[in-house]
Amino acid sequence: MVTDTKFYPVDGFYKSFLETERERLNREFLSMKQYYPSLRSEEFKEVLFRLNPIINELETETKENITEIANFLYSSSLKFLAKELIGPQSKYPYFSHSWQQLLQAKELYSVSVIDLLSSLGNAVYNLCILNQMDAGNWLQTLQGIAKKHTTKDEILQAGKISAWIVGLPQYRNSALELCLETETSLLEDIFSVKITESYNILKEVFYEMYKDPWLRFELALKGNLKKRDIVLKKAGGFIGYGGKFRGIPTVQSLNSEFIISSGEEDFRLYADIYGTAVFRVKMEELLSEPWQETEEPGHFLSPEGTLSMGSVQKRFLELKNVHSIASNPHTLLACNRYSYYVFIAGAI
């Protein structure tokens, strides 16, 4: 069976764990296989083999019950393989790579291993599966932070804020609120900048960032709010090439939200200086929300693609002869007839 250590090289505590718990672990595998018939023992043996150095190292470094940790990693790995999240049949290479990276992130193991792996494992799932991005940069940020901030609450707090910074703007508002509750020393490591300002000044900085999604923390901290350039991002793409849209998209601004329509589907767009994200949405849900007054944008886009945002002006070929535009005071969205992408402009 899968725990027979004669057929693949494992050693140390991990070998004794597999041999001692053999019957129970094999029953767990067979039970999972009833629900996922495609689960293969040879593939799971390979997954178990990769756990060997990780569990043995934890056995020497952690003060926790290593048997509980080994059981947790066995069950988690079995579930992920059965659902084809990891292993050779994986449909989600981002998750497979990031999960392995998380297991090897020794810096994070100074706190409760099972609690942390469970929480961060869920976060990796959200980043890789739901948001289709590699969680590598996010994990590297947390590994660096964990060298100085060793409590579970600090690491999880940093994880929530860092998820926004690595490119998930849908978490922006909640992350900014969390920043107001975060110690200055932790904020310094999250944003990689020295902070000498008082709490009241930081509160004003985060308020400015809340108003302007294209404002970076380090510039707001210096009071440098003047716009000097326009950045152009894109989101969406043709679904046949891993994108979101089945047809050429159009855009509109509805109740302070950016909505993209493609065929019979509608999407909500989130965008800021750190990234973009697109999610399916039901239009009737948006229409049922209370109406909000919005400021006039004040942007101008010429047919030749020259965009004026306040005192800043720049020409983009992607914005030439667009057929659909939406904007708010800080952001302009545009689509042309030859692209499945939505182009997003903001002054920085």
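Where a number appears in this text, it was derived from the coordinates with a stated rule and is not lab data. Here the structure is a predicted model, which is why all the values come from computation and not from measurement. Cβ: placed from backbone, ideal geometry, glycine included. Neighbour counts: every protein chain shown.
Relative to the globular-protein estimate of 2.2 N^0.38 Å, the Cα radius of gyration of the chain stands at 1.19.
This model, with +1 at the C-beta of Lys and Arg and -1 at the C-beta of Asp and Glu, gives the range 37-87 a dipole about its Cα centre of some 220 debye. Kirkwood analysis of the range 1-124, using all unique Cα-Cα pairs, places the hydrodynamic radius at 14.8 Å.
Largest first, the extents of the alpha carbon coordinates of the range 230-347 on the three principal axes equal 37, 36, 26 Å.
Fewest neighbouring Cβ atoms within 10 Å first, the residues LYS226, LYS203 line up as LYS226, LYS203. Axis of helix 93-103 versus longest Cα principal axis of the chain: the two differ by about 60°, to the nearest ten degrees.
Mind giving me the FRET efficiency for GLU19 and SER174? R0 is 51 Å, r the Cβ-Cβ distance, nearest 0.05 is fine. Efficiency, rounded to the nearest 0.05: 0.65.
Look at the alpha carbon pairs under 8 Å that are at least 6 residues apart: their mean separation over the length of the range 68-201 gives a relative contact order of 18 percent. Sequence-ordered 3J(HN,Hα) estimates for the range 241-253 from the Karplus curve with 6.51, -1.76 and 1.60 and θ = phi - 60° stand at 10, x, x, 10, 10, 8, x, 4, x, 10, 10, 8, 9 Hz, glycine and proline given as x.
Computed over the chain with a Gaussian network model linking Cα atoms closer than 10 Å, the most mobile of LEU103, LEU287, LEU178 is LEU287. Here the contact order of the chain, divided by its residue count and restricted to Cα pairs under 8 Å and six or more residues apart, works out to 11 percent. At an R0 of 35 angstrom, the distance between the Cβ atoms of ILE348 and LYS106 translates into a FRET efficiency of 0.40.
Sparse packing (at most 12 other Cβ atoms within 10 Å of the Cβ) combined with a DSSP loop state is found for the following trypsin sites (Lys or Arg not before Pro) in the range 80-150: LYS91, LYS147, LYS148.
Sequence-ordered 3J(HN,Hα) estimates for the range 182-191 from the Karplus curve with 6.51, -1.76 and 1.60 and θ = phi - 60° stand at 9, 4, 4, 4, 6, 4, 4, 6, 5, 9 Hz, glycine and proline given as x. Here the dipole of the chain is about 980 debye; that uses its Cα centre as origin and unit charges on the Cβ of Lys and Arg (positive) and Asp and Glu (negative). Axis of helix 136-146 versus longest Cα principal axis of the chain: the two differ by about 70°, to the nearest ten degrees. Here the range 212-293 was treated as a single set of alpha-carbon atoms; its pair distances binned every 10 Å from 0 give 15, 39, 29, 15, 2 percent. Were the residues from SER118 through ASN255 laid out at 0.36 nm apart, the gain over their Cα-Cα distance would be 45.6 nm. For the range 208-345, the tally of Lys pairs with Cα-Cα distances below 24 Å comes to 19, considering only residues 8 or more apart or on different chains. To the nearest ten degrees, helix 22-35 and the longest principal axis of the Cα atoms of the chain are 40 degrees apart. Taking other C-beta atoms within 10 Å as the exposure proxy, VAL205, VAL342 rank VAL205, VAL342 from fewest upward.
Short-range pairs are left out: with C-alpha atoms under 8 Å and at least six residues apart, the relative contact order of the range 230-347 is 31 percent. Ordering ILE239, ALA326, THR196 by Cα displacement along the dipole of the chain toward the positive end leaves ILE239 in first place; charges were set at the Cβ atoms of Lys, Arg (+1) and Asp, Glu (-1). The simple spin-label model puts a point 7 Å past each Cα toward its Cβ; for GLU218 and SER31 those points are separated by 5.1 nm. Given axes a ≥ b ≥ c from the Cα gyration tensor, I'd like to know whether the range 144-290 is rounded (a/c under 1.5), prolate (a/b larger than b/c) or oblate. Here the range 144-290 falls in the prolate category.
Connecting C-alpha atoms closer than 10 Å in a GNM of the chain, tell me which of GLN132, GLN104, GLN34 has the biggest fluctuation. Looking only at GLN132, GLN104, GLN34, the biggest GNM fluctuation is shown by GLN34.
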